[in-house]
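These notes are about the structure you will find just below.
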């Protein structure tokens, strides 16, 4: 399987490269000040640097690459979306939310620091994301910068990620059907994954009517991602995942896996990935990394 | 004192008008959806509508008025800054932060709903603020929109309000001197009050070198505001304040009042207000509302 080998290599090097780039950028954005705010910035760095798969930044930069966007620019926009992702994990892990002690194989922020600092570090990463996006270094064209802010704000607020998180809370005490679980996941996880692709297209100055296939790709991998997460929660290795698993069943939550059963869920995830790759047919070799990301999303073990 | 009467009337009608405008705008931005996100949006509305002095919106619109900015536009930008203020109050009131049960004379969001919803409602109002600012209805010029986002994001993040909140946490267990307390308050309260004035100037297309007097005004009223808050904490009426008082002393926190004593603190606040009004000398009658706001800031009882 030489081709798979090449693609796997492309994916592995892509993940490694973006991981370094994101770490370096956060390091530059977040110098620890010599005053009593130090613990706050340390908590932001703890949450943002050196962990996570960086799937959203990889999606954003890979989409931007399709249209020849300067790497420095797409990485900068990626840091913003990763700041939003990092803030959401800090808040989701809090005792009154998912009450998690481990994340990415280390203590969650409220365990390593405390709850008050965790809330403030999340809030500060949230603000940082938008501060980064309006920096002229992201684009000399202010219209592009406002489009990025608009996309990221909508994807993370009550009509996106936070709305999905609210539905997830309701799901613990309700009987959701497949339609509602799909909607929940489209908001909770799909919105931000979709924003990553959309932001890459915005940087590439792809007109609205030229983004339909990218949006379709993003929607499909978003759902596939969540099904894979549900399967990992059921069958995964806590060591590799770096966090507590088997939580959905314990909480009695309806998921794709509980509603479809593990086999059909697995088939569904694979079908979504094939469909996502199909949407990229208009592109040639230059979209190979986006195809590899789609496959990785269901094959990952963490 | 006919003149004072006129000014008081101007302030009272200004406060009443902006209060209605902000309530109406939040009502329009936040329709309650017919799905399981409903409780989240209800919590956002509970926190954002029908309460608070609306000092930041009043400052923003009064500054914009100096430069003939269309009212609909300045109100819209005001809603964004008030969304940030509302989110910060929700998070500050949480048990792991200030642990408050009352705010604006009613239960805090985590008491009226629950902690998880309170965190999400804060996060959602945070995102909404930036979504509002990049709406072309705030300005047809995308550069103006990015300047607004940049100003508000910096003022609310780790280099602004959230950073000040972190210093406030440290203050509970440290002995801060007057210099450090001043810096703390400049971040915690001053940054957002300053952003309100700055955003008004941005909408008014005041060039950077024409904003110095407005920034000086904002800095002075920001400190005066906090000294007045400290004095209210010591001497105020809980009924009128609509929240628990006497907390600074209980927590052993250094404030302007504990460091200067109530008399000198009162004198200092008055001196800052006079100084703030002095910065407006370049303006004539059109700045009368900004002058009235400065006076109100130290004379208010809530």
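Count of segment A:275-290 residues, restricted to those that are outside any loop (DSSP other than H, G, I, E, B) and either in contact (Cβ under 8 Å) with a residue 60 or more places away in the chain or closer than 22 Å to residue A:12 by Cβ (or both), is 8.
Condition (residue is within 25 Å of residue A:187 (Cα to Cα) and surrounded by fewer than 24 Cβ atoms within 10 Å (Cβ to Cβ)) applied to segment B:54-62: is it met by at least one residue? No, segment B:54-62 has no match at all. Checked against (1) closer than 25 Å to residue A:155 by Cβ; (2) at pLDDT below 90; (3) surrounded by fewer than 16 Cβ atoms within 10 Å (Cβ to Cβ), residue A:251 passes all but condition (1). Pairing each residue of segment B:246-258 that is on the phi < 0 side of the Ramachandran plot with any residue that is modelled with pLDDT under 75, provided the two are 6+ apart or on different chains, yields C-beta distances under 6 Å for B:255/B:248. Against the conditions (1) within 14 Å of another protein chain (Cβ to nearest Cβ); (2) under 27 Å from residue A:35 (Cα atoms); (3) surrounded by 16 or more Cβ atoms within 10 Å (Cβ to Cβ), residue B:199 satisfies every one except (2). For residue B:131, the criteria (1) without any contact (Cβ under 8 Å) to a residue 40 or more places away in the chain; (2) within 15 Å of residue B:83 (Cα to Cα); (3) under 18 Å from the mean Cα position of the chain (by Cα) hold in every case but one, which is (3). A count restricted to segment B:13-34 and to residues that are surrounded by 15 or more Cβ atoms within 10 Å (Cβ to Cβ) and within 14 Å of chain A (Cβ to nearest Cβ) stands at 3. Is there a residue in segment B:178-188 that is more than 8 Å from every other protein chain (Cβ to nearest Cβ), more than 20 Å from the chain's Cα centre (by Cα) and part of a helix (DSSP H, G or I)? Yes, there is a match, as at least one residue in segment B:178-188 is more than 8 Å from every other protein chain (Cβ to nearest Cβ), more than 20 Å from the chain's Cα centre (by Cα) and part of a helix (DSSP H, G or I). Determine whether segment A:113-122 contains at least one residue that is touching a helix residue (DSSP H, G or I) at 6+ places or on another chain (Cβ under 9 Å), at positive phi and surrounded by fewer than 24 Cβ atoms within 10 Å (Cβ to Cβ). No, segment A:113-122 has no match at all. Total residues in segment A:166-186 satisfying the condition of being exposed (fewer than 11 other Cβ atoms within 10 Å of the Cβ) and in contact with a helix residue (DSSP H, G or I) (Cβ under 6 Å, 6 or more places away or on another chain): the figure is 0.
Taken over segment A:153-169, the criterion of being modelled with pLDDT of 95 or more, within 8 Å of another protein chain (Cβ to nearest Cβ) and not in a loop (DSSP other than H, G, I, E, B) is satisfied by A:153, A:154, A:156, A:162, A:163, A:165, A:166, A:167.
Of the helices (runs of 4 or more DSSP H) contained entirely in segment A:1-109, those carrying at least 1 residues that are in contact (Cβ under 8 Å) with a residue 40 or more places away in the chain and in contact with a strand residue (DSSP E or B) (Cβ under 7 Å, 6 or more places away or on another chain) fall at A:71-93. Selection of segment A:70-83 for residues being over 10 Å from residue A:57 (Cβ atoms) and buried (at least 24 other Cβ atoms within 10 Å of the Cβ) yields only A:83. Evaluate segment B:89-104: report whether one residue or more is out of contact with any helix residue (DSSP H, G or I) (no Cβ under 9 Å at 6 or more places or on another chain) and surrounded by fewer than 17 Cβ atoms within 10 Å (Cβ to Cβ). No, segment B:89-104 contains no residue that is out of contact with any helix residue (DSSP H, G or I) (no Cβ under 9 Å at 6 or more places or on another chain) and surrounded by fewer than 17 Cβ atoms within 10 Å (Cβ to Cβ).
The residue that is surrounded by the fewest Cβ atoms within 10 Å (Cβ to Cβ), counting only those in segment B:137-151 that are at the interface with chain A (Cβ under 8 Å from one of its Cβ atoms) and closer than 27 Å to residue B:41 by Cβ, is B:145.
The values are calculated or read from the model by the stated rules, or taken from the named source; none is laboratory data. For clarity, every value in this text was computed on a predicted model and none was experimentally measured. Positions of Cβ are backbone-derived with ideal geometry, glycine not excepted, and every protein chain shown enters the neighbour counts.
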